Amino acid sequence: MTFKGRITHLCCALALVIAPQLSMAETALVAVATNFSEVIDVLKADFEAATEHRLTIITGSTGKLYAQIVNGAPFDVFLAADQARPERLVKESRTIDIQFTFATGQLALWSADADRIGENGLQALTERYRRLAIANPQLAPYGVAAKEALSALGLMEKLQDRIVMGENIGQTHALIASGNAELGIVALAYAISPRNDSAGSYWIVPSELYAPIHQDAVRTLHAEGNGAASAFMAYLQSDPAKEIIRAYGYEVE
């Protein structure tokens, strides 16, 4: 079955999960880490097709979204790219329920050039090229993981002069896709995305080279009484939602 066919099959299964629908449609404002932007589009469509509710999606780096919530942004749900920021919100009493892990991300070394990366990604990293793109570790958990992986390989200092940073994983991917960087470390979901103009080539970075990228979700205080936010959080933990998330290269328990 093709990637698109699999997604279509999974979408059809959603109708069996969320029922009965609430009698009054509501809208939830969902803040989503950029690495998950393509997946959330599919999940949003599924959720809205099966319920009367609607979702408004705002994407950005986890660090910036967290700061916006702290400063009063009216997000109902926060899907982060780490566990630390949702945990801080819980400790700061800015949430109305316990956080849970909705996905565990994987890193991939990716190039828009189909011939640049072979089976040995380490070789590609040590060959001649001008730029290596990673997400900013100060803002994006995937940037932290990329830095950890490069350090574990003994390459962080050696490649320092070649590294360029995107504010989030989406900007990092754009640097590579545009050719401004020949290589980059992104979420696996971006490397295998059917939206890429060029499939390019990629190497899955061994998971032992970086700390697990557990991505957690939480409802904020703003979601109190919001049926759409509550229903979406329940959907996110359903089997059909998990299968869609897996199809985009994430691990789900």
Fill in the blank from the handout: Computed over the chain: longest principal axis from alpha-carbon atoms vs helix 3-14 long axis, angle to nearest 10 degrees, is 20 degrees
Exercise for the section: Average the reciprocal distances over every distinct pair of alpha-carbons in region 110-253, invert the result, and give the Kirkwood radius in Å. Expected result: 16.5 Å
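Would you mind computing Rg(Cα) / (2.2 N^0.38 Å) for region 69-132, counting N as its residues?
Values: Rg = 19.1 Å, N = 64, 2.2 N^0.38 = 10.7 Å.
Output field value: 1.79.
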Exercise for the section: For region 24-165, go through all pairs of different Cα atoms, get the mean of 1/r, take its inverse, and jot down that Kirkwood value in Å. Expected result: 17.4 Å
Practice task
Among the listed pairs 64/242; 44/64; 64/147; 44/147, give every one whose C-alpha distance is greater than 24 Å.
Solution key: 64/242; 44/147
Practice task
In nm, give the distance between the simple-model label positions of residue 45 and residue 161, each being 7 Å from the Cα along the Cα-to-Cβ direction.
Solution key: 4.7 nm
Problem - Range of Cα positions in the chain per principal axis (Å), largest first - result: 60, 44, 29
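Mind checking the full-extension length gain between residue 221 and residue 198? Use 0.36 nm per residue of separation minus the Cα-Cα distance, one decimal, nm. Don't jump to the answer; show the numbers that get you there.
Values: separation 23, 0.36 × 23 = 8.28 nm, distance 4.20 nm.
That works out to 4.1 nm of additional length.
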Problem - Unit Cα scatterers, Debye sum, region 178-253: log10 I(q)/I(0) for q = 0.11, 0.12, 0.28 Å⁻¹ - result: -0.45, -0.53, -1.35
Completion exercise
Residue span residue 101 to residue 246: 0.36 nm per residue of separation minus Cα-Cα distance leaves a gain in nm of 50.9 nm
Completion exercise
For residue 181, other-chain or 5+-apart residues with amide H closer than 5 Å (H placed, Pro excluded) are 176
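No value in this document is a laboratory result; all are computed from the given coordinates. Here the structure is a predicted model, which is why all the values come from computation and not from measurement. Here Cβ is always computed from backbone atoms with ideal geometry, including for glycine, and neighbour counts include all displayed protein chains.
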